[in-house]
Amino acid sequence: MSLVRAVEVPRLPVSRLEPVIGEPRLAELTRAAGQVRQMLAGRTIWNVNSTAAGGGVAEMLQVLVGYVQEMEIPVGWLVIGGDAGFFAITKRLHNQIHGSLSGAPLGAAEAGHYAQMLAANAVELAARIRPGDVVLLHDPQTAGLAAPLAQAGARVVWRCHIGVDWEDDVTRAGWDFLRPHLAAVEAFVFSRREYVPSWIPAGKSWIIPPSIDPFSPKNQPLAADTVRAILVKLGVLDGPSPAVPATFVRRDGAMDTVTRQAVVVGESRPAADDPVLVQVSRWDRLKDMAGVMRGFADHVAPGGDGYLMLVGPSVKDVSDDPEGAAVYGECLLQLRDLSPATRARILLVTLPLDDVDENAAMVNALQRHATVIAQKSLAEGFGLTVAEGMWKGRPVIGSAVGGIIDQIAEGTGILLHDPADLAMFGSAARLLLDDPVLAARTGQAAHAHVRQHYVGDLHLLRYGSLLGTLIGGG
């Protein structure tokens, strides 16, 4: 059975970005695309990661690969495979890079299994990738592919979407595990300068923040009645469905309807006009869903009205995150221990991932309905759910960790300087839930900030500069 599979992505016209970014930015993107086509001279750019659905990396690739294809640049996307042991190792490695040691330190047995599994993937990849092709390897799951692919003649770039801006014994152990595998990498890409390990030469590191696509199913405009129709279909909102259908536009431009329901654990549902605090993320301990629940129960619910929705993917559908089911289970147990009055105002929501576009439309509706959006992460590579929430004109309360610091500028949201301070989190939530004028003003500023800094044309232009240096330099 094959370990590697190709992901087919619909072509996306970059011209639709013009109303958002303006004609000068679109012209610059078109000019750069022409230069990249000429530089590649028939070579292909390959993205390689470990999942086609679930998480920000897969979501960005769905969009960026579509735009690149439309600009007639040869590009492909391949997903590697692995057994449960491999993904357990890479999850522990992910946590270590974020400074969290889950279980015993990774030893020789884990290093051997990691290398063995990636060696098997490399054999299949080498049959697809030609000498001179550019390979963008994404995150720790793929680091062990660098040497064999370079030996096969590929130009290898490693793109790390995670990191922290400090160093300790745990993070050093994670990097020590990865470093031998990365010797053949020609360029390294990080989301923030602070994430670049000291042993990477300055001339080999590039800083490329991630981006959103305003027209993807997750971010496209949705009318208020459509939002309510989707939420009633999901089962998270009380009351009859509006007369309009729960429609959205797919990435290929086709109109479709949300038909699947979420799995919702909660004893009641908010009405359409009830204030709602929403956090959307993976069931990952570093996203601190449990902390959001505790903060709401202790410091938000006692002070006024409002519901909390903790929203994540179906735990059975994210293949590279074996920790998700355990974290979700812990949240269920925590919910059941709350008082009846508080428990009645909290919903745990898991969204199906059978259809990536439909899942994205569900998230879009949930964020647009939210009064306030939270991202109370304990550590964060970048946290693109923050920019997605800001794009919808919603005020976001985010932890002052990782890329969340970059996204929430003054006046565009609230940064929590201590993510563990639940009282501060509760005060920020109550402030925004109780002051609609402040919430609206903050949300408008947030939308403008994302338009200026985190739309996909800037993301692609930075990659164009990297390719110019990589290929132009030999």
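Of note:
- Taking the C-alpha atoms of the stretch 408-448, convex hull volume expressed per residue in Å³: 57 Å³
- The chain, helix-only ellipticity at 222 nm - DSSP H runs n ≥ 4, -39,500 (n - 2.57), divided by all residues, nearest 500: -13000 deg cm²/dmol
- Relative contact order of the chain, taken over Cα pairs closer than 8 Å and 6 or more residues apart, is 16 percent.
- Computed from the Cα positions only, the extents of the stretch 57-175 along the three principal axes stand at 46, 29, 23 Å, in decreasing order.
- Cα gyration tensor shape for the stretch 121-203, rounded if a/c is under 1.5, else prolate or oblate: prolate
- With the highest mean first, a sort of the peptides 383-390, 157-164, 455-462 on other beta-carbon atoms found within 10 angstrom per residue produces 383-390, 157-164, 455-462.
- Packing rank of 423-432, 23-32, where each peptide gets the mean count of other beta carbons within 10 Å, highest leading: 423-432, 23-32
- Bins of 10 Å from zero: percent of alpha-carbon pairs in the stretch 102-255: 9, 27, 22, 17, 18, 6, 0
- Inter-site label distance for ALA120 and GLN261 at 7 Å from Cα along Cβ, in nm: 3.9 nm
- Using distinct alpha-carbon pairs, which all enter the 1/r mean, Kirkwood radius of the stretch 325-404 in Å: 14.5 Å
- Centroid-to-centroid, using Cα positions, the stretch 135-196 and the stretch 1-80 are 21 Å apart.
- Under conditions of 10 °C and 1.306 mPa s, the stretch 239-286 yields 110 µm² s⁻¹ as its translational diffusion coefficient, taking Rh as the Kirkwood radius over Cα pairs in the Stokes-Einstein equation.
- The stretch 1-65 - Rg (one decimal) and Dmax (whole number), Cα, Å: 14.8, 48
- Entry note, the stretch 255-358: relative contact order of 43 percent, from Cα contacts under 8 Å with a spacing of 6+ residues.
- Nearest-ten-degree value, helix 84-97 long axis tilted from longest Cα axis of the chain: 80 degrees
- Linear extension gain, ASP83 paired with ALA344, 0.36 nm per residue minus alpha-carbon span: 90.0 nm
- The residues neighbouring GLY163, those whose beta-carbon lies less than 11 Å from its own, together hold a net charge of -3 under the Lys/Arg +1, Asp/Glu -1 convention.
- Under a 5 Å amide H cut-off, with hydrogens placed 1.01 Å from N, ASP165 pairs with GLY402 among residues at least 5 apart or on other chains.
- Protection proxy ranking, highest mean first, for peptides 335-341, 71-77: 71-77, 335-341, where packing is the per-residue count of other beta-carbon atoms within 10 Å, averaged.
- Based on the convex hull around the alpha carbon atoms, the stretch 196-270 presents an average projected area of 9.0 nm².
- Distances between every pair of Cα atoms in the stretch 329-471, grouped in 5 Å steps from 0 to the bin holding the largest one, split as 2, 9, 15, 17, 20, 16, 11, 6, 3, 2, 1, 0, 0 percent.
- In this label model, ASP252 and ARG441 are separated by 4.7 nm, measuring between points 7 Å along each Cα→Cβ vector.
- Full-extension gain in nm, ARG16 to ASP165, via 0.36 nm per residue minus C-alpha separation: 50.0 nm
- 1.4 Å probe accessible area per residue over the stretch 65-174, in Å²: 34 Å²
- With the convex hull constructed from alpha-carbon coordinates only, the chain shows a mean projected area of 21.2 nm² over all directions.
The values are calculated or read from the model by the stated rules, or taken from the named source; none is laboratory data. This is a predicted model, so every value here is computed, not measured. Positions of Cβ are generated from backbone atoms using ideal geometry, with glycine treated the same way; all protein chains shown enter the neighbour counts. Ligands, DNA and RNA are excluded from the accessible area calculation, which covers all protein heavy atoms including side chains. Shrake-Rupley method; radii C 1.70, N 1.55, O 1.52, S 1.80 Å.
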